[in-house]
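The values are calculated or read from the model by the stated rules, or taken from the named source; none is laboratory data. For clarity, every value in this text was computed on a predicted model and none was experimentally measured. Cβ sites come from the backbone with ideal geometry, for glycine too, and all protein chains shown count toward neighbours. To get the accessible areas, we keep the full protein, side chains included, count just its heavy atoms, and leave off ligands, DNA and RNA. Shrake-Rupley method; radii C 1.70, N 1.55, O 1.52, S 1.80 Å.
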Amino acid sequence: MRADDNNIRWIEAPGLGLTGRSYLPLLVEGLTTTFKHLVGPKKTVQYPEEPHEMAHPEIYRGVHRLNRDEKGRVKCVACFLCATACPAHCIDIVAAESPWPDREKYPRSFTIDELRCIFCGMCEEACPVDAIELTSLYDLSGKSREEMIFDKEKLLSIYDQTKDREPMQTARPHEERPGAH
């Protein structure tokens, strides 16, 4: 295609008027927003004494947990789909032959580096048995890097802490989950 082709229609960019060339409308808009924040209602949360309330805790992506099945065993079947789907490569699984007859493998070791994790939820989406989930726990802190590498026991203990207030995705009715497709 040539620049002097008759089939090409050149369009001129519209010229800016006085308000488009000045910063006055943007300045007024910014000051209006600031004024609304000055006179509007204020809510101060005294964290950690007073926990922060989330609008939809069931769709928040916080600390991971490994779910247990109805017999209390780890629900993971060591298929490595979560580790494969993870864009941050923060999941490490070591599989072993299962001592139970209903599955071939189970994770002998399952670790997540929470400092590398970007909390995208891809591991949760990739898991075929809903073994890994993100909870609404947001107070994730540690004094060392080693504390932030969650092993299988720590992930299962998070399940034990959150199972009553946050049931597994498969146990929740589909229509109650905001953001579910």
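For D130 and S109, a Förster radius of 30 Å and the Cβ-Cβ distance give a FRET efficiency of 0.90, rounded to the nearest 0.05.
Label positions at R9 and F35, each projected 7 Å from the Cα along the C-beta direction, are separated by 4.4 nm. The residues of the chain expose, per residue, 72 Å² of accessible area to a 1.4 Å probe. Accessible area ranking (1.4 Å probe, heavy atoms, ligands and nucleic acids excluded), largest first, for H64, H52, H89: H89, H52, H64.
Among the lysines of the range 24-181, pairs that are 8 or more positions apart or on different chains and have alpha carbons within less than 18 Å of each other number 11.
A straight line joining the Cα centroids of the range 111-173 and the range 62-100 runs 11 Å. In this view, the solvent-accessible surface of R116, computed with a 1.4 Å probe and all protein chains in place, comes to about 120 Å². Computed about the Cα centre, the dipole magnitude for the chain is approximately 260 debye when only Lys and Arg (+1) and Asp and Glu (-1) carry charge, each at its Cβ. Ligands, DNA and RNA excluded, the heavy atoms of S98 present near 20 Å² of accessible surface to a 1.4 Å solvent probe. Near E133, the amide H atoms lying under 5 Å from its own belong to R65, N67; only residues 5 or more places off or on other chains count, and H is placed 1.01 Å from N. Surface composition of the chain: carbon plus sulfur atoms hold 56% of the accessible area, using a 1.4 angstrom probe and ignoring ligands, DNA and RNA. Take K36: with every protein chain present and a 1.4 Å probe, its accessible area is about 140 Å².
If the segment from D151 to H56 were pulled out straight at 0.36 nm per residue, it would be longer than the present Cα-Cα gap by 31.4 nm.
Computed on protein heavy atoms with a 1.4 Å probe, the accessible areas place I158, I59 in the order I59, I158, largest first.
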